[in-house]
Amino acid sequence: MSSAAALLSVRSLSVRYSRRRGPPLDALREVSFDLGRGEFLALVGASGSGKSSLARAVAGLTPCSGTVRLSEASGARAIQLVFQDAGASLNPRRRIGAVLEEVLALGPQPRSSALELLERVGLGREQLLAAPHELSGGQRQRAAIARALAAQPRVLVCDEILSALDTSVQAQILELLGELRRARGLGVLFVTHDLAVARRCADRVGVLHAGALVELGPPAQVFGAPASEHTRELWGARLRWPAPHTRP
Amino acid sequence: MSEALEVRGLRVSYATRSGWRGAVAGVDLRLERGAAHSIVGESGCGKSSLALALLGLVRTGGRREAASYTLDGRAWSLERPETLRELRGRRVGLLLQESAQALDPRLSVERHLRAALGAAREGAGRERVLELLARVGFDAPVDLLARLPHELSGGMRQRVQLACALATGPSYLIADEPTASLDALLARRIVTLLASLVERERLGVLMVTHDLAAAAELGGALSVMYAGTVVERGPARELLLAPRHPYTEALIAACAAREPFDEPLRGLPGAAPQGALERDGCAFAARCPLARGACRSSRPTLLKLAPGRELACPPRAEGAGR
């Protein structure tokens, strides 16, 4: 995506954590990229490469330097974060419908109803009165996405949202994200440790190493002809599907 | 004497307000020394209950029963506490999913391993500790001895846990989701370690996983579980390349690791049942494109389809016979 069409522009984003002992830790160093309308941008990297710091910084949940700018005038809630642990963004003592109404009430008119939101994420009337613990893992993650959508975001930042889900449920959530991108032009910034999901589903992939964005491009190119040694090492290490010629 | 861990007719149930609820509904499983066997399936299919039951363990509020439990040709009673103590840790080791809770936050790496060794023999020395750490792939084990769990990365903690599981010299290892939440480099390292335990040290390794690619890489046998039963079994790679059960097919179609990558992902509509089916019939029939009348009235059994291949799907088994 060219920067002229960018929905979200991130420039020189840095995150530094101070430590009780030793020098401060640079979790993210001068990271810049654009996210287009309806684009699915996956961010991968080894543990400690800065993926989650990036997600939190873009969502405004951690102190950082640099800029995060949306192209169109949007409210403060235009960037929403969905976590791995969906339960964490849902009040355990409130019913799903009430959680959604609460977020909707803060937004502009005209607004959708809680039921419309649930239907948009593949849930229904039965879940309106359910408490978070009464839902399956996949339903809870859908409810967390519905809660994020209630804020009418332009960008959804997903931090390892598939990690706790079963294979078939992961595919359902990926399908849902695809529908939201097509129907609403929602930009998705997708932080994942699952290289196969990035290779398969993303429009572009960014590779983080030691807090720096070392590579950014279409997945076939990034993984097929990596420019960075770190990308080569990471992709080479992935657990692989058997090759057909090993078939007896 | 056959060197294998073998269980027949294994059932695990949990007490609920409305009575006992089946989690594992009659599973036969054989794990040979020097071989790997992976169990895949989705949450609630009973794979973790099955793995724990092989160690004689059952979660709170649960009960297990097996028609027979044989270890290296000898029948064991899972009801006697002393046989269970002998079994757990000594004959069969356990490796759990990496988590900060798996190790005691106050104990150094050396104290963990000394404790694990102490259970097996008196005067466990530092040499044995270093040897174990080297065995799980630490190049400079001396530097590690004084470290506390929070000073280690997730992958390092996972390997320390594995060293503890190996301390008593078990012949079999049960690994429950050993690669979950690890990045590609660390997951590769753990699977490579498990494979080398199988090949070099003749351990029998049973891996419970939701990651089909991890099962393919470990190799050996693969059992696919659904609603407390095994629906298909065979050599891992062969089974993934040529699945026969409609559920295995659906699981593979939804798996992002499947290659080639340009084929679209297909989600399986609906949700997997939690626990075993309480009525007769195939548990997958409600979601199955091949389901016919008989599938809803009688429960399919796991039948030999070809050497090493077993299948619990009458419509498909008939098709294969033609």
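List of remarks:
- Unmet requirement for residue A:35, which otherwise passes all of (1) open to solvent by less than 50 Å² (accessible area, probe 1.4 Å); (2) part of a loop (DSSP other than H, G, I, E, B); (3) not basic (Lys, Arg): (2)
- Residue in the range A:218-232 that is touching an Asp or Glu at 6+ places or on another chain (Cβ under 6 Å), of a type in the set (A, V, I, L, M, F, W, C) and away from every other protein chain (no Cβ under 14 Å) present: yes
- Test: residue in the range B:239-254 that is assigned to a loop (DSSP other than H, G, I, E, B), open to solvent by less than 20 Å² (accessible area, probe 1.4 Å), small (Gly, Ala, Ser) and within 11 Å of another protein chain (Cβ to nearest Cβ): yes
- Apart from one condition, residue A:197 fits all of (1) at the interface with another protein chain (Cβ under 7 Å from one of its Cβ atoms); (2) open to solvent by less than 10 Å² (accessible area, probe 1.4 Å); (3) more than 24 Å from residue A:221 (Cβ to Cβ); the exception is (3).
- Hits in the range A:98-141 (condition: under 21 Å from the mean Cα position of the chain (by Cα), of a type in the set (A, V, I, L, M, F, W, C) and within 14 Å of chain B (Cβ to nearest Cβ)): A:121, A:123
- Check on residue B:23, open to solvent by less than 60 Å² (accessible area, probe 1.4 Å), in a strand (DSSP E or B) and within 26 Å of residue B:236 (Cβ to Cβ): yes
- Every residue from the range A:117-128 that is over 23 Å from residue B:44 (Cβ atoms), open to solvent by 10 Å² or more (accessible area, probe 1.4 Å) and touching a residue at least 12 places away in the same chain (Cβ under 8 Å): A:120, A:128
- When residue B:158 is tested against (1) touching a residue at least 40 places away in the same chain (Cβ under 8 Å); (2) over 26 Å from residue A:197 (Cα atoms), just one condition goes unmet, and that condition is (2).
- Within the range B:203-214, being more than 9 Å from chain A (Cβ to nearest Cβ) and over 19 Å from residue B:55 (Cα atoms) holds for no residue.
- Any chance residue A:177 is in contact (Cβ under 8 Å) with a residue 24 or more places away in the chain, not β-branched (Val, Ile, Thr) and not assigned by TED's automatic domain parsing to the domain that holds residue A:38: no
- Single residue of the range B:89-117 satisfying the filter (in a helix (DSSP H, G or I) and either among the polar types (S, T, N, Q) or modelled with pLDDT under 80 (or both)) that is nearest to residue B:183 (Cα to Cα): B:100
- Residues that are small (Gly, Ala, Ser) and surrounded by fewer than 16 Cβ atoms within 10 Å (Cβ to Cβ) within the range A:67-101 comprise A:73, A:74, A:75, A:76, A:88, A:98, listed in sequence order.
- Residue-level analysis places residue A:61 among those that are within 27 Å of residue A:230 (Cβ to Cβ) and free of Cβ contacts under 8 Å to residues at least 24 places away in the same chain.
Each row is one residue, and each column tells you yes or no for (1) over 19 Å from residue A:51 (Cα atoms); (2) open to solvent by less than 60 Å² (accessible area, probe 1.4 Å).
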site: A:182; (1), (2): yes, no
site: A:207; (1), (2): no, yes
site: A:211; (1), (2): no, yes
site: A:216; (1), (2): no, no
site: A:222; (1), (2): no, yes
site: A:241; (1), (2): yes, yes
site: A:244; (1), (2): yes, no
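- Exactly one residue out of A:199, A:182 is closer than 24 Å to residue B:214 by Cα and either in a strand (DSSP E or B) or not aliphatic (A, V, I, L, M) (or both), and it is A:199.
- Subset of the range B:132-181 that is crowded, with 23+ Cβ neighbours inside 10 Å and in a loop (DSSP other than H, G, I, E, B) - its residue that is farthest from the other protein chains (Cβ to nearest Cβ): B:167
The values are calculated or read from the model by the stated rules, or taken from the named source; none is laboratory data. For clarity, every value in this text was computed on a predicted model and none was experimentally measured. No Cβ is skipped: glycine too gets one built from the backbone with ideal geometry, and neighbour counts run over all protein chains shown. For accessibility, only protein heavy atoms count, side chains too; no ligands or nucleic acids. Shrake-Rupley method; radii C 1.70, N 1.55, O 1.52, S 1.80 Å.
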